[in-house]
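Reading through the structure tokens given below for one structure.
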């Protein structure tokens, strides 16, 4: 009996580690790779306060069709940033509004714009209002829909606006890799498509 108890005691750490690994493996992760546009100075000399507001009617990221593949999804997204011809650097986990904010921050700084604190007076505010961000699975196709309003404010008043929306889809193969690619593609397109320079020029800034 003593030998049996000793064997159980020795195997217990292995069992616990295995259980922990299984538990971690059961939590799906959505990975987004954001591809920066070519570096430029087209926004050099301009300053802005960046604010992101989540105005989605439903705050879920995963639709009903994709819930089976994303069971126990925590609601946070892994973000990596890639410059031209680079594999990408993983930054961490973000909720949707944090993901949008980090993407725009990297893009604006990549084009020479200086981001300032909300406490700084006199600088225009770029408000990104997220209206839709949903991944779903329809007829074995990963479908991603995103939309947002970009508003440029000066002294609390809206002086220019743009609306950006889009959709990406990929056929589901094995696992969730194509879902990651679909989300990465639409995220990159949505961040890079906003004509920030036009917003400023339209407002006379």
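FYI, it's all coordinate maths here, none of it is from the lab. Model, not experiment: these values are computed from the prediction. Reconstructed Cβ throughout: ideal geometry from the backbone, glycine too, with neighbour counts over all protein chains shown.
Summary of computed values
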{"item": "Residues of segment 90-109 that turn out to be farther than 22 Å from residue 27 by Cα and touching a strand residue (DSSP E or B) at 6+ places or on another chain (Cβ under 7 Å), as a count", "result": "9"}
{"item": "Failed criterion for residue 158 (all others in (1) more than 24 Å from residue 79 (Cα to Cα); (2) loosely packed, with under 14 Cβ neighbours inside 10 Å; (3) touching a helix residue (DSSP H, G or I) at 6+ places or on another chain (Cβ under 8 Å) hold)", "result": "(3)"}
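Per-residue answers, yes or no, for (1) farther than 19 Å from residue 147 by Cβ; (2) in a helix (DSSP H, G or I):
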position	(1), (2)
71	yes, no
74	yes, no
80	yes, no
91	yes, no
99	no, yes
104	no, yes
108	yes, yes
112	yes, no
